[in-house]
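Undergrad: Quick one: the structure is below, and I'll ask about it shortly.
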Amino acid sequence: MDKRFFNIFPGLTEEKAIALLETPLEELEDKSERYVAASHLVNFPSERSINALMKTVQDTNPVLEQKIARRKAIETLGRLNVTSALPTIRGCLSDADCYTVENAVWAISEIGTEDQEILAEIAQLLSKPGQSYRLIIQVLAKFDYKPAISKIQQFTESDDEPIASAAIATICRLTGDYSQMTKVVEFLEHSSVNARRACIQDLIDTKYYQSIPNIAKCPVSMVFRLRAIRLLAETGIPTGEINFAEIEPFLDSVIRDHPNDLELVHEYDQTPALEFVIKELYSTDFGRCYLASKTLLEVYPEVAAAALMATFAESAHNDYGAHYHVVKLLGWLKYVDAYDLLVEALHNTEPQFQKSRGAAALALANLGDERAIPLLRESISKTRIFDLKYACLLALKKLGDNQTAQLFVDDSDLLIQGKAKNLI
């Protein structure tokens, strides 16, 4: 589990957090501090912390601040895998607040249980209006709870695509009949970004290895696609169900992330103005960003680079999504004046700009400037970031460096190892 963001209140001690939970709400100067305390105790799995969290869950005061703190306390107990909290959390499954119920279902799935009565209770929530059906279905799949098949079946035709996707995938898992999985794969080309992202998770959960080529072409952030391919590789390669050679071309295309390698789901009804296309690089739906990138490369190759440099100076340096697309585009446009900007992006260690580092490595290779070789060698030797490592291997190969890959033939990551061996 990634714990980088757990301790986000560094000045808060365990004692102070417990004290905040135990102080009557009306005596707190800032009532939202109770939520902060419930969140922070994930860093302290002591008996005192657990007791304080359990008391918070048992406090059903309907005031919003307590409701929010209670939901968080349930989540924290789940993260801490507190088995003794199961009866308390189970009691929340009948709560009137759907978000409390959602957190209770999630926490039970984290802690784990073989109690059939608890699982039946979770399945029963599928008959209750206004619940988080997608999560409930995913949890029942995780517990391999076959008695829920008929209840889940009704959601396969849901108008809510993420719910339908989870239901279809779960029925396939629970029955062992995967013939309907093509319907889940079809959601990869849905116009809704939420549908596309959700079905990727369902394909991971179902270990549907034959969907890897489709996932690679799905127009969502490469982070989602890369995570999917890596997780499928982690389960499929050791069992022999897939091998690196089958994955490699799709891994390469996801890391390169060129819009021509994607199945775009949006289109313009007429040629858009340059200003509009540049603005589209800031969209939260990466499908729109990829269409904009393709348009800049095909329609505006002469003027795009100057426009990208201007938008970078104005806004993209602060917007990690646009930053990523601008970095890639400057490489494809072979805009040599962007060299310093790309070097800066390669060395940017701020977490939100992590994705841009691999993009910068490839962009520098596309410029063809050999000054980048020692910088790329340094980056690959210092980083643990998978996509940066992989991108550096591709970039160094493109720049004519055939030695560096040799250093990674025994890498701890199977995919880096496989790529390094194939590059030699």
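The values are calculated or read from the model by the stated rules, or taken from the named source; none is laboratory data. Remember, it's a predicted structure, so these values are computed and weren't measured experimentally. Glycine gets a Cβ as well: all are built from the backbone with ideal geometry, and neighbour counts include every protein chain shown.
Undergrad: Do any residues in the stretch 309-335 that are within 15 Å of residue 352 (Cα to Cα) and modelled with pLDDT of 95 or more have Cβ atoms under 6 Å from those of residues that are of a type in the set (D, E, K, R) and in a helix (DSSP H, G or I), where the two are at least six apart or on different chains, and which pairs are they?
TA: So the pair list comes out as 324/355.
Undergrad: Among the listed residues 411, 340, 319, identify the single one that is acidic (Asp, Glu), surrounded by fewer than 20 Cβ atoms within 10 Å (Cβ to Cβ) and in contact with a helix residue (DSSP H, G or I) (Cβ under 6 Å, 6 or more places away or on another chain).
TA: After applying the criteria, what remains is 411.
Undergrad: While we're on this one: Return the pairs, sorted by first residue and then second, in which the second residue is β-branched (Val, Ile, Thr) and assigned to a loop (DSSP other than H, G, I, E, B), the first residue lies in the stretch 154-182 and is closer than 16 Å to residue 210 by Cβ, the beta carbons are less than 7 Å apart, and the residues are 6+ apart or on different chains.
TA: Short answer, once both residue conditions are applied: 169/206; 172/206; 173/206; 181/206.
Undergrad: Given (1) more than 19 Å from residue 132 (Cβ to Cβ); (2) in a loop (DSSP other than H, G, I, E, B); (3) in contact with a helix residue (DSSP H, G or I) (Cβ under 8 Å, 6 or more places away or on another chain), identify the lone condition not met by residue 113.
TA: (1)
Undergrad: Could you tell me which of the residues 85, 141, 120 is within 13 Å of residue 167 (Cα to Cα) and in a helix (DSSP H, G or I)?
TA: Step by step, each of 85, 141, 120 is checked, and only 141 is within 13 Å of residue 167 (Cα to Cα) and in a helix (DSSP H, G or I).
Undergrad: Right, here's the next one. Which members of the stretch 369-386 meet the condition of being surrounded by fewer than 23 Cβ atoms within 10 Å (Cβ to Cβ) and either under 16 Å from residue 256 (Cβ atoms) or within 21 Å of the chain's Cα centre (by Cα) (or both)?
TA: The answer is 383, 384, 385, 386.
Undergrad: In addition: Of the residues 81, 61, which single one is within 29 Å of residue 146 (Cβ to Cβ) and either in contact (Cβ under 8 Å) with a residue 40 or more places away in the chain or surrounded by 12 or more Cβ atoms within 10 Å (Cβ to Cβ) (or both)?
TA: 81
Undergrad: Name, by its number, the condition in (1) within 21 Å of residue 160 (Cβ to Cβ); (2) more than 27 Å from the chain's Cα centre (by Cα) that does not hold for residue 130.
TA: Unmet for residue 130, out of (1) within 21 Å of residue 160 (Cβ to Cβ); (2) more than 27 Å from the chain's Cα centre (by Cα): (2).
Undergrad: For the stretch 20-75, which residues satisfy the criterion of being within 21 Å of residue 110 (Cβ to Cβ), in contact with a Lys or Arg (Cβ under 7 Å, 6 or more places away or on another chain) and of a type in the set (A, V, I, L, M)?
TA: 21, 38, 42, 57, 69
Undergrad: Next up: Given the structure, is residue 121 closer than 29 Å to residue 45 by Cα and modelled with pLDDT under 95?
TA: No: the conditions fail for residue 121.
Undergrad: Looking at 89, 137, which is the one that is hydrophobic (A, V, I, L, M, F, W, C) and either touching a Ser or Thr at 6+ places or on another chain (Cβ under 7 Å) or within 30 Å of residue 189 (Cα to Cα) (or both)?
TA: 137
Undergrad: Would you point out the residue of the stretch 276-322, among those that are of a type in the set (Asp, Glu) and over 26 Å from the mean Cα position of the chain (by Cα), that is farthest from residue 264 (Cα to Cα)?
TA: Once the filter is applied, the top-ranked residue is 314.
Undergrad: So which residues in the stretch 275-296 are over 28 Å from residue 186 (Cβ atoms) and crowded, with 16+ Cβ neighbours inside 10 Å?
TA: 277, 278, 279, 282, 296
Undergrad: Identify the residue in the stretch 387-424 that is under 20 Å from residue 226 (Cα atoms), free of Cβ contacts under 8 Å to residues at least 24 places away in the same chain and in a loop (DSSP other than H, G, I, E, B) and, among all such residues, is nearest to the chain's Cα centre (by Cα).
TA: Here the residue is 412.
Undergrad: So for the stretch 38-49 (the condition being at pLDDT 95 or above, under 30 Å from residue 152 (Cβ atoms) and not in a helix (DSSP H, G or I)), does at least one residue qualify?
TA: No, because not a single residue in the stretch 38-49 is at pLDDT 95 or above, under 30 Å from residue 152 (Cβ atoms) and not in a helix (DSSP H, G or I).
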